[in-house]
Amino acid sequence: MGNTIFSKIIDREIPAKIIFESDTVLAFQDIKPQAPVHVLIIPKIEIPKVSDLKGKEHAQLLGEMFDAANKIAKDLGISEDGFRLVINCGPNGGQEVYHLHMHLLGGRPMTWPPG
Ligand code: AMP
């Protein structure tokens, strides 16, 4: 049982368009998409933000999140053209939900620098 809206999605207490699930990772469509493809990839365990990660403890989980991103990008047909992965951390990073999540954005060219 967790505290954030993403924990409620993991526990199926609120609905989401789930597009990938494994024992450790869940991915679902962002409710306010910023691109034709906008998927959130989250660990099932609660890690609030990037600065809480520990390399030795979480290396495998992070690898599984990247594997999920690559699989989803391939499945959704955006792998060849490319895509962007974003992880916001803390207030200045623009993080709103304090359950670690990777944004997979694609289906259009991205601009740089970010806002
Ligand atoms: P961040 O600003 O990096 O914390 O991103 C949080 C993201 O979660 C935003 O892109 C929101 O649109 C998205 N979001 C918030 N609530 C939901 C929800 N119930 N289902 C899907 N995505 C959500």
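Candidates 22, 83, 72 compared by Cα position along the dipole of the chain: farthest toward the positive end lies 83, with charges placed on Cβ.
Summary of the geometry: region 89-115 and region 18-44, compared by the centres of their Cα atoms, lie 13 Å apart. The loop-placed GluC sites (Glu not before Pro) in region 47-105, going by DSSP, that have at most 11 neighbouring Cβ atoms within 10 Å of their Cβ come out as 80, 96.
Model label points for residue 112 and residue 59, set 7 angstrom from Cα along the Cα-to-Cβ axis, are 2.8 nm apart. Charges were assigned to the Cβ only: +1 to each Lys and Arg, -1 to each Asp and Glu. The resulting dipole of region 1-62 about its Cα centre is roughly 140 debye. Counting only aspartates and glutamates at least 8 places from residue 71 when in the same chain, those with an alpha carbon closer than 20 Å to its own are 21, 23, 30, 80, 81.
How high is the FRET efficiency between residue 4 and residue 29 when r is their beta carbon distance and R₀ equals 22 Å, given to the nearest 0.05? Plugging the Cβ-Cβ distance into 1/(1 + (r/R0)^6) gives 0.80. When +1 charges are put on Lys and Arg Cβ atoms and -1 charges on Asp and Glu Cβ atoms, the dipole computed for region 5-106 relative to its Cα centre reaches about 140 debye. One chain, two ends: residue 67 and residue 45. Fully extended at 0.36 nm per residue, the span grows by 6.2 nm beyond their Cα-Cα distance. Can you give me the angle between helix 55-75 and the longest principal axis of the chain, using Cα atoms only, in degrees from 0 to 90, rounded to the nearest 10? Result, in degrees: 40.
I need the shape label for region 36-96. Rule: rounded when a/c is under 1.5, else prolate if a/b > b/c, else oblate, with a, b, c from the alpha carbon gyration tensor. Cα axes put region 36-96 in the oblate bin. Under the rule a/c < 1.5 gives rounded, and otherwise a/b versus b/c splits prolate from oblate, where does the chain land using the Cα gyration tensor? Here the chain falls in the rounded category. Straight-line cross-link reach from residue 8 at under 22 Å between alpha-carbon atoms covers these lysines, not counting any fewer than eight positions away in the same chain: 17, 32, 44, 49.
Throughout, read-outs are computed from the coordinates displayed, never taken from laboratory work. Just so you know, these numbers come straight off a predicted model, no measurement behind them. All Cβ positions, even for glycine, are placed from backbone atoms using ideal geometry, and neighbour counts span all protein chains on display.
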